[in-house]
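The values are calculated or read from the model by the stated rules, or taken from the named source; none is laboratory data. Fair warning: this is a prediction, and the values are worked out from it, not measured in the lab. Virtual Cβ from ideal backbone geometry, glycine too; neighbours counted across all protein chains shown.
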Amino acid sequence: MPASRAALKANIESHCRLSSYAFFDMHIFIEMIEPFVKYSSFQRSLAGGVLLLCFLLLATATQAAELLYIFEPGCPYCKAWEKEIGPSYDKTSEGRRAPLKPIDKRNIDSLRSSLAKPVRFTPTFVLMENGTEIGRLEGYPGEDFFWPLLDSLLENLSKPDQIERIGNSNS
């Protein structure tokens, strides 16, 4: 890798922490912006900003699902989940399909209208799609049981081909 490309990659990575968009491939971004290295600093910054904005808009537009992680400070099961699953969740295929949104149970009032029922236990994991509750897991049964239970919840998400059929049926 030429020095200018390495410097460009390091600069982008240091200024643009995109860990929540695990599907974002930095190498593709570098390949797209590399031709701009010969231009002025302002032109490169402008081109990079435009490309980054396009990627971010695409990422947020396609990210209709999210997993609400409702916790309480001091909850031992929440702490166990945070230790066993939390550090790796965003890096998994499940984390890419339904990014995690941590919410303190004390601050849940704004969500009550979009939840199917009240949150009674912590942790509670609520799978949301387009602002609607799809399903939930109450409590944390341990790492061995969490992933299969989450996978069964994720099966209820709309598939891309279902979304396309729905869009075509309105025409």
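Tabulated results
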item	result
Test result for Lys83, surrounded by fewer than 15 Cβ atoms within 10 Å (Cβ to Cβ) and either touching a Pro at 6+ places or on another chain (Cβ under 8 Å) or assigned to a loop (DSSP other than H, G, I, E, B) (or both)	no
Options Thr122, Thr132; residue that is touching a residue at least 12 places away in the same chain (Cβ under 8 Å), over 16 Å from Glu66 (Cα atoms) and polar (S, T, N, Q)	Thr122
Tally of residues being surrounded by fewer than 17 Cβ atoms within 10 Å (Cβ to Cβ) and touching a helix residue (DSSP H, G or I) at 6+ places or on another chain (Cβ under 9 Å) across the range 104-137	5
Test: Thr124 is at pLDDT 95 or above and among the polar types (S, T, N, Q)	yes
First in the range 90-114 and free of Cβ contacts under 8 Å to residues at least 60 places away in the same chain, second anywhere and assigned to a loop (DSSP other than H, G, I, E, B), Cβ under 7 Å, 6 or more apart	Leu100/Asp90; Lys105/Glu72; Lys105/Val119; Lys105/Thr122; Ile108/Val119; Ser114/Gly131
